[in-house]
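Visitor: Below is one structure. I have some questions about it.
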């Protein structure tokens, strides 16, 4: 996970997510920016609706991604392409994050809304000067990350990471998580050799024996292994300890913007909810929409990832976007108990579902 030491400043999620987007899907920033600009023209042409307002009549919202476009974001691109934003009176510009990350831009009001994560937001909330932003919807209902390894090594559970190498980002919460799941499985964390994480494609790193185990997202890296026909083992963190079933990623809104423009936040979430519901019902078509918007992406990987995520966007929740307060609080309490935050977190704060309509 992308935490710095409690004494350090803010942290960019981009360094954490280098491995979440494989090299086959790496995008040149200029190309991505061109593909990810305002959806007013795309929405009008895609929807074919003569009733859509002209872009000058629409309320403009800047939405910052956490990383280069990937299947976490498909519902956003569907809402753009299908005209759902315009139908709600919005002109949404999708932008790439700056070097210091999406959170800083949202907190400063440079983007009114964007993508963040419960764990990264905790880093801000526990600081002496917390950023004024709040999670308003969950993009994916459960934490879909875990440990991937070569199938030949037989590392099917945390204890078996002993006497193997693990690719680390050298972040306190990340390493505390690994220690927790290994020891919960009866293993000895001290027997794991930590090596620097310095790849863009986990599958390539495993093939090259750069490491034996690596933290990945099942919806991307594990699907990438399948697309490459490379045999891997994978176990999720939540299968070991449900304290790690936190929300990653989420949609966050700048607090001042949300307070001053609650109807726009609600309209945005209505459109995006419709976009993600489309992804659930039509994963192949949704993948095509993402590939059309961002042609640099690997189509086979996008389709495989989309097929996996169709069951994860809503999963067992009552509706898309819902945040379970008990799960939110449980993870923040764990951070408090482990001493991994600068100041104690209020475990019941940081999210607001009042903008998310049933």
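The values are calculated or read from the model by the stated rules, or taken from the named source; none is laboratory data. Please read these numbers as outputs of a predicted model, since none were measured by experiment. All Cβ positions, even for glycine, are placed from backbone atoms using ideal geometry, and neighbour counts span all protein chains on display.
Visitor: Can you tell which of 241, 263 is more than 18 Å from the chain's Cα centre (by Cα) and closer than 30 Å to residue 165 by Cα? Break it down into steps so the answer makes sense when it comes.
Guide: Values: 263 fails: closer than 30 Å to residue 165 by Cα.
Every option except 241 fails the conditions.
Visitor: Could you tell me how many of the residues in segment 91-102 are buried (at least 24 other Cβ atoms within 10 Å of the Cβ), touching a helix residue (DSSP H, G or I) at 6+ places or on another chain (Cβ under 6 Å) and at pLDDT 95 or above?
Guide: Qualifying residue count, segment 91-102: 1.
Visitor: Could you list, in sequence order, the residues of segment 289-299 that are in a helix (DSSP H, G or I), in contact (Cβ under 8 Å) with a residue 60 or more places away in the chain and crowded, with 16+ Cβ neighbours inside 10 Å? First the steps, then the outcome.
Guide: In the first step, residues of segment 289-299 are kept if they are in a helix (DSSP H, G or I); the result is 289-293, 299.
This time we only want the ones that are in contact (Cβ under 8 Å) with a residue 60 or more places away in the chain, so: 289-290, 292-293.
Hits for segment 289-299 are 289, 290, 293.
Visitor: Something else: Test each condition in (1) out of contact with any strand residue (DSSP E or B) (no Cβ under 9 Å at 6 or more places or on another chain); (2) under 15 Å from residue 312 (Cβ atoms); (3) surrounded by fewer than 20 Cβ atoms within 10 Å (Cβ to Cβ) for residue 274 and report the one that comes out false.
Guide: (2)
Visitor: If you go through segment 334-355, how many residues are in contact with a helix residue (DSSP H, G or I) (Cβ under 8 Å, 6 or more places away or on another chain), in a helix (DSSP H, G or I) and more than 17 Å from residue 251 (Cα to Cα)?
Guide: Result for segment 334-355: 3.
Visitor: Still on this model: For segment 159-194, give me the residue count where each residue is touching a strand residue (DSSP E or B) at 6+ places or on another chain (Cβ under 9 Å) and within 24 Å of residue 219 (Cα to Cα). Before you say what the answer is, go through the steps one by one.
Guide: Pass one, segment 159-194, residues touching a strand residue (DSSP E or B) at 6+ places or on another chain (Cβ under 9 Å): 160-161, 163-170, 174-175, 177-178, 181, 192-194.
Cutting the leftovers down to within 24 Å of residue 219 (Cα to Cα) gives us 160-161, 165-170, 174-175, 177-178, 181.
Looking only at that region, the number is 13.
Visitor: Read through the list (1) surrounded by 19 or more Cβ atoms within 10 Å (Cβ to Cβ); (2) at pLDDT 95 or above; (3) out of contact with any helix residue (DSSP H, G or I) (no Cβ under 6 Å at 6 or more places or on another chain), then give the number of the only condition that residue 157 fails.
Guide: Status for residue 157: all satisfied but (1).
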